[in-house]
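First up is the structure itself, then whatever we jot down about it.
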Amino acid sequence: MFTQSPRASADLDDIFDTIADENPSAAERTIRRINSTCRDIAHKPDMGRAWTEIRSSLRGYPLGKYIIFYLPADIDIHVLRVVTSERDLDTLFHDPDEHSED
């Protein structure tokens, strides 16, 4: 099982909306694939690479052009963000507004 931060939920909404403008079916498939991958990661949280240079305990798993950022928990994961790898990842978690919703 996995949980999502409000920012991760908003990220998924943005991803869906962006893709759905061109292809609603592809948008649905993309969101299903991201959610399925999150479930897989929850079963094996060490699948993702450590991003401790950005934030302690942070891990990220690449999926196509996206990176699923998460924190491992006792029996699941908490997804913090789902963003394109084109984002400025160094500043993504240094924005004070980003930490208020973890």
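The values are calculated or read from the model by the stated rules, or taken from the named source; none is laboratory data. These figures come from a predicted structure and were not determined experimentally. Cβ: placed from backbone, ideal geometry, glycine included. Neighbour counts: every protein chain shown.
Overview of values
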{"item": "Of the criteria (1) at pLDDT 90 or above; (2) surrounded by 16 or more Cβ atoms within 10 Å (Cβ to Cβ), which one GLU98 fails", "result": "(1)"}
{"item": "Number of positions in region 55-89 that are of a type in the set (Lys, Arg) and part of a strand (DSSP E or B)", "result": "2"}
{"item": "Which numbered condition MET1 misses (of (1) within 18 Å of ASP76 (Cα to Cα); (2) without any contact (Cβ under 8 Å) to a residue 24 or more places away in the chain; (3) surrounded by fewer than 19 Cβ atoms within 10 Å (Cβ to Cβ))", "result": "(2)"}
{"item": "Answer from ILE41, ILE34, ILE75 - the residue that is in contact (Cβ under 8 Å) with a residue 24 or more places away in the chain, out of contact with any His (no Cβ under 8 Å at 6 or more places or on another chain) and surrounded by fewer than 15 Cβ atoms within 10 Å (Cβ to Cβ)", "result": "ILE75"}
{"item": "Among the candidates ASP46, ASP21, residue that is free of Cβ contacts under 8 Å to residues at least 12 places away in the same chain and surrounded by fewer than 18 Cβ atoms within 10 Å (Cβ to Cβ)", "result": "ASP21"}
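Results for (1) in contact with a Pro (Cβ under 7 Å, 6 or more places away or on another chain); (2) farther than 21 Å from PHE93 by Cβ; (3) of a type outside the set (Phe, Trp, Tyr); (4) outside any helix (DSSP H, G or I), shown as yes or no for each residue.
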{"position": "ALA8", "(1), (2), (3), (4)": "no, no, yes, no"}
{"position": "GLU22", "(1), (2), (3), (4)": "no, yes, yes, yes"}
{"position": "GLU28", "(1), (2), (3), (4)": "no, yes, yes, no"}
{"position": "ILE34", "(1), (2), (3), (4)": "no, no, yes, no"}
{"position": "CYS38", "(1), (2), (3), (4)": "no, no, yes, no"}
{"position": "GLU53", "(1), (2), (3), (4)": "no, no, yes, yes"}
